[in-house]
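A.B. asks: Shown below is the structure under consideration.
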Amino acid sequence: MSSKCIPCWLGAGLYLLMPLLTSSAQADLLVNGDFEVDPSPQFGITQITGWTVYAGTVDLVREPGVTSGLTCLETTGTPGAATIGQVLATTPGQLYLFHGLISHHAGLGEQTARIDMTINGQFVAQLTHGGVQTTPTDYHWQPFDVQFVAPGATTDLRLQDVTNLYAFGGGIIDALSITPVPEPTTQLAAGAAAAWALRRPRAGHRRARSAQ
Ligand SMILES: [Ca+2]
């Protein structure tokens, strides 16, 4: 291969890697993380597509303040603080990003709603929202990001509303997703492939010289 083909190799290498990197970045493990699948509104329910309600009840709420789709989920339903979750197929040792939006029920005033996140029974993080009065038209959504390492081939994610301030309202969540975080080794592999493509013609020249 002549040196004129170096850009071709580089372009081809990156082209082949891009689908892998892109699919990895976009693979959402959660089912119905945006809570748009079921009819809404529904109050005091214990069944949601994709999710298990282990305790309490939840409300599927459709109000003008919802910014991701049409429906969000109140994790303290009508009534009762809920624990919900999904069992995910994961790669052991893989780093994942749990992303979403959080708000709280207007009945709490400016008090803080709290939702505990656990993985396989182990506490990982507490999601909170407070310090502001929410309304049906302005939920004052706050994004959150929590990273965790998958402990095994299955990951039992649970979210438990522990606000305990108002029987009919606590945390509100929406636009949830869990995606693999590209590891530095993956990014290094892309760089190494590009470097390898650039160096390959010279390696061929070395072999040619050694054969002489
Ligand atoms: Ca939604």
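The values are calculated or read from the model by the stated rules, or taken from the named source; none is laboratory data. Just so we're clear, the structure is a prediction, and the values are computed from it rather than from any experiment. Reconstructed Cβ throughout: ideal geometry from the backbone, glycine too, with neighbour counts over all protein chains shown.
A.B. asks: Has the stretch 82-98 got at least one residue that is assigned to a loop (DSSP other than H, G, I, E, B), within 21 Å of the chain's Cα centre (by Cα), within 16 Å of the ligand (Cβ to nearest atom) and at pLDDT 95 or above?
C.D. replies: No, there is no match, as no residue in the stretch 82-98 is assigned to a loop (DSSP other than H, G, I, E, B), within 21 Å of the chain's Cα centre (by Cα), within 16 Å of the ligand (Cβ to nearest atom) and at pLDDT 95 or above.
A.B. asks: Let me ask something else about it. Does the stretch 33-67 hold any residues that are within 12 Å of the ligand (Cβ to nearest atom) and in contact (Cβ under 8 Å) with a residue 60 or more places away in the chain, and which are they?
C.D. replies: Listed by number, the residues that qualify are GLY33, ASP34, PHE35, VAL61, GLU63, GLY65, VAL66, THR67.
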